[in-house]
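**Q** Before anything else, here's the structure in question.
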Ligand SMILES: Nc1ncnc2c1ncn2[C@@H]1O[C@H](COP(=O)(O)OP(=O)(O)OP(=O)(O)O)[C@@H](O)[C@H]1O
Ligand SMILES: [Mg+2]
């Protein structure tokens, strides 16, 4: 195991984040604050509590998930796509590192970034609402596993992508709608029966629900199912990546 | 290459067919000796970069095997790759990184513990020390090329691949780079370089391999290659023009050539032949009463040899 190589990639990627601190951290924090002001303070004050939780507080886990998912995917996708695009990937490919080590470096850095971001958003949230966390362990569990899983997904997208626009497409056209329709801003019990059933096919529902449960002990689906779901997603992503490295797909010619 | 030379890299029947069906390498066999500088010459698209990329692990070979220091490049890739430093043909750098951090990154990537003293030495050797805190995008093309060399040397490799290190580099810097290569050779580093500049191969290589259309046409000691394939020619400027080659020189037909105006006789001969025939030729000329005003010899350069080889194959 070439631990130094993992660390080298990880540090290099983290340094890139500090350099681009503006787009990496500031803009998601800003947009999240806007959500709080518009949905939490302005509209939320007109809304009734959901299962005994004020709408502003109810929003927090969903907003954190929204940022965590989109940022994990785009950070990791960009992180591996960029050296492919500039050609600097040659060095990583010629180094005595295994595919797994490359993955650890890139995905580790991407996940770290989105975790830092999640923490900042949570901290920002405390400025607007009263936050309580019923199950800190499970909160962290969901936070970390979601960051890792979706960074893996981003890594896959980054390897698959042929152009910068493709990097944007998945977060924009897939992740964001899934998050919006996955009960981030409402409880699915508010939906008509038909749409409740449809929502059950949205993977993000399980993440948001489990994450919200770790805060307020309210959930749309059982927390056990949420835990199971995130583990399934993680396994799926790992399998795809294992296949990618096994076949050398799109990294080596 | 003598038998006691240690073979460091050995490629056996290496082929590469790209996804689009193009066969870039058609069974390459190549042994590289420990400590030597070998230059790979070949026209554009010959397969030089492909061969290097396979040995370094960037491209997977379609068939064949390569060993480096006795280790297979696929099964024992950690061992083989940690011995190798690669300077790619393209100037691929992270524009926003500083010189220092990108070179330090390379060392870490190859699993070596941090060693600022070594990085400092490498940067100084390549005259990059005063640029160490600059972002790469602030450097000139030649400096970027040197950053790539610094990155390749950061982990103290035993083998260095230089894929056209002096493409787009001015004469001054080219000489500097040759000096760096010379220094590395003195340190015992084995160097494989590709180049289009034949005088470069002539200047620094011990051996020369010529690749064309995915095949190695020849690999030889530089000197041997030049004498073996090298034709020398003797140019005789005549005092008075001739209308035709004198009859008593009929034995030289084919090798002897009279210029159109009849004032220059050119005699081509093989330096490795037992007799060059020069004495006989001169005696014959004296006999025929042809007076020679001046004479000079010309050895075909590597360039001529190279052009001949590649043309022959086409
Ligand atoms: N990724 C690729 N996909 C398809 N064909 C490729 C690929 N890379 C190289 N080739 C082809 O393989 C052949 C050999 O290319 P290579 O880059 O090895 O040549 P080279 O000898 O390094 O040439 P040059 O002197 O121009 O650098 C070329 O015909 C090239 O078009
Ligand atoms: Mg090339």
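Only the coordinates and a few stated rules stand behind these numbers; no lab work does. What you are looking at is a predicted structure, and each value in this text was computed from that prediction instead of being measured. Heads up, the Cβs are rebuilt from the backbone with ideal geometry, glycines too, and the neighbour counts pull from every protein chain shown.
**Q** Restricting to Cα pairs below 8 Å that are 6+ residues apart, what does the relative contact order work out to for chain A? Please round to a whole percent. Each step should come with its number before you reach the end.
**A** Details: 301 pairs, mean separation 64.7, N = 253.
Rounded, it is 26 percent for chain A.
**Q** Apply the Debye scattering formula to the range B:58-200, with a single equal point scatterer on each alpha-carbon and no solvent, then give log10 I(q)/I(0) at q = 0.12, 0.13, 0.17, 0.22 Å⁻¹.
**A** Result of the Debye calculation: -0.49, -0.58, -0.98, -1.50.
**Q** Stick to the Cα atoms of the range A:88-175, pair each with every other, and give me the Kirkwood hydrodynamic radius in Å at one decimal.
**A** Across the range A:88-175, the inverse of the average 1/r is 15.2 Å.
**Q** So, in nm, how far is label residue A:46 from label residue A:116 when the simple model puts each one 7 Å beyond its Cα toward the Cβ?
**A** Going from the residue A:46 label point to the residue A:116 one covers 3.9 nm.
**Q** How many nm is it between the label spots at residue B:134 and residue B:253, if each spot is 7 Å from the Cα in line with the beta carbon?
**A** 6.7 nm
**Q** What is the Cα coordinate range of the protein assembly as shown on the first, second and third principal axes, sorted by size from largest, in whole angstrom?
**A** If we take the Cα atoms of the protein assembly as shown, the spans are 123, 48, 47 Å.
**Q** Between the range A:21-73 and the range A:129-205, what is the C-alpha centre distance in whole Å?
**A** That distance is 14 Å.
**Q** I would also like to ask the following. What FRET efficiency comes out for residue B:178 versus residue A:232 if R0 is 51 angstrom and r is the Cβ-Cβ distance? Round to the nearest 0.05. Intermediate values should be presented prior to the final figure.
**A** Values: r = 59 Å, r/R0 = 1.16.
Once rounded, the FRET efficiency stands at 0.30.
**Q** Right, here's the next one. Quick one: the Cα spread of the range A:45-143 along its three principal axes, in angstroms, biggest first?
**A** Computed over the Cα atoms, the extents are 58, 26, 20 Å.
**Q** Quote the FRET efficiency, to the nearest 0.05, computed for residue A:164 versus residue B:31 with a Förster distance R0 of 41 Å and r equal to the Cβ-Cβ distance.
**A** On the way: r = 44 Å, r/R0 = 1.07.
After rounding, the FRET efficiency stands at 0.40.
**Q** Binning at 5 angstrom from zero up to the longest distance, how are the C-alpha pair distances of the range A:190-253 distributed in percent?
**A** Final binned percentages: 4, 16, 18, 16, 13, 9, 9, 7, 5, 1, 0.
**Q** When the C-alpha atoms of chain B are aligned to their principal axes, what extent does each axis show, in angstrom, from largest down?
**A** Largest first, chain B extends 78, 44, 41 Å along its Cα principal axes.
**Q** Arranged from highest to lowest average of other beta-carbon atoms within 10 Å per residue, in what order do the peptides A:71-82, A:109-120, B:197-208, B:114-125 appear? Let's see the in-between values first.
**A** Values: A:71-82: 25.8, A:109-120: 21.8, B:197-208: 19.2, B:114-125: 15.3.
By packing density, highest mean first, the sequence is A:71-82, A:109-120, B:197-208, B:114-125.
**Q** For residue B:266 and residue B:18, what is the calculated FRET efficiency with R₀ set at 51 Å and r taken between the beta-carbons, to the nearest 0.05?
**A** Values: r = 46 Å, r/R0 = 0.90.
Here the calculated transfer efficiency is 0.65.
**Q** Now for a different question. Please give the calculated 222 nm ellipticity per residue for the protein assembly as shown, where each DSSP H segment of at least 4 residues contributes -39500 (n - 2.57) and the sum is spread over every residue; nearest 500 deg cm²/dmol? Display every interim value, and only then the final one.
**A** On the way: 21 runs with 279 residues, N = 567.
Calculated from helices alone, the mean residue ellipticity at 222 nm is -15500 deg cm²/dmol.
**Q** How much length is gained if the chain between residue B:114 and residue B:298 is pulled fully straight, taking 0.36 nm per residue apart and subtracting their Cα-Cα distance, in nm to one decimal? Provide the component values of the computation, followed by the final result.
**A** On the way: separation 184, 0.36 × 184 = 66.24 nm, distance 5.35 nm.
Contour length minus Cα-Cα distance gives 60.9 nm.
**Q** Give me the percent relative contact order of the range B:145-280, please, defined on Cα pairs under 8 angstrom at least 6 residues apart.
**A** Answer for the range B:145-280 is 16 percent.
**Q** Next up: Under a plain spin-label model, where a point goes 7 Å from the Cα along Cα-to-Cβ, how far apart in nm are residue A:30 and residue A:99?
**A** 4.0 nm
**Q** Right, another one. Averaged over A:84-93, how many beta carbons belonging to a partner chain fall within 10 Å of each residue's beta carbon? If you can, show how the numbers build up before the last one.
**A** Values: counts 0, 0, 5, 5, 11, 2, 10, 15, 2, 7.
Taking the mean over all residues of the peptide, I get 6.
**Q** Follow-up. Taking every residue in A:5-15, how many Cβ atoms of other protein chains lie within 10 Å of its Cβ, on average? Write out the running numbers ahead of the final one.
**A** On the way: counts 6, 3, 2, 10, 3, 1, 4, 8, 0, 0, 5.
For this peptide, the per-residue mean of nearby foreign Cβ atoms is 4.
**Q** Taking the Cα centroid of the range B:240-270 and of the range B:13-57, what is the distance between the two, rounded to the nearest whole Å?
**A** 44 Å
**Q** Still on this structure, please answer the following. Which whole-percent values make up P(r) of the range A:69-222 when all C-alpha to C-alpha distances are grouped in 5 Å steps starting at zero?
**A** Percent of pairs per bin, in order: 2, 9, 15, 18, 18, 14, 10, 7, 4, 2, 0, 0.
**Q** Cut-off 20 Å, label point 7 angstrom out along Cα-to-Cβ of residue A:196: give me the residues of the range A:212-238 whose amide nitrogen falls inside.
**A** Flagged as within label range: A:212-213, A:217-226.
**Q** Right, something else. If I stretch the segment between residue B:218 and residue B:239 completely, what's the gain in nm (0.36 nm per residue apart, minus their alpha carbon distance), one decimal?
**A** Details: separation 21, 0.36 × 21 = 7.56 nm, distance 4.22 nm.
Here the answer is 3.3 nm.
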